[in-house]
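Beneath this line is the structure, given in structure tokens, with notes to follow.
The values are calculated or read from the model by the stated rules, or taken from the named source; none is laboratory data. In this text the structure is predicted, and so the values were computed from the model without any measurement. Ideal geometry is used to build each Cβ from the backbone, glycine not excepted, and the neighbour counts take in all protein chains shown. In case anyone asks, the SASA skips ligands and DNA or RNA and just uses the protein heavy atoms, side chains included. Shrake-Rupley method; radii C 1.70, N 1.55, O 1.52, S 1.80 Å.
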Amino acid sequence: MFGTNHNSRNKIFKTVYDPTNSITVRCKMIENAKTGINYLINIKDYTGGLTLLLDKDGNAMFSQMKL
């Protein structure tokens, strides 16, 4: 669902930033392709969390989209 399986029919989320230097904790910045809203996903072993990224005013952070 988050850009790892390219054969999947779900194309809503794409990975924006994925640092590969961490061994135990995996963090990715993902973007909703339909709305442009950014999220941070954190995965450690069998647990994890998803967080909406906010700007300094508390609004959802959008990726720059080409019109």
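With Cβ to Cβ distances under 13 Å as the rule, what net charge do the other residues near Glu31 carry (K, R +1; D, E -1)?
+3
Can you list residues whose amide H is under 5 Å from Phe13's amide H, if they're 5+ apart or on another chain and H is modeled 1.01 Å from N?
Ala33
Report, by chain and number, residues whose modeled amide H sits under 5 Å from the one on Cys27, excluding near sequence neighbours (fewer than 5 apart, same chain).
Counting only residues 5 or more places away or on other chains, the set is Ile43.
Please enumerate, by chain and number, the aspartates and glutamates with C-alpha under 15 Å from the C-alpha of Lys14, excluding those fewer than 8 residues away in the same chain.
Reachable aspartates and glutamates: Glu31.
Taking a 1.4 Å probe, which of Tyr46, Tyr17, Tyr39 shows the most accessible area, and what order do the others take after it?
Output order, biggest surface exposure first: Tyr46, Tyr17, Tyr39.
What aspartates and glutamates could a cross-link reach from Lys44, if we take a straight Cα to Cα line under 16 Å and drop same-chain neighbours fewer than 8 places away?
Asp18
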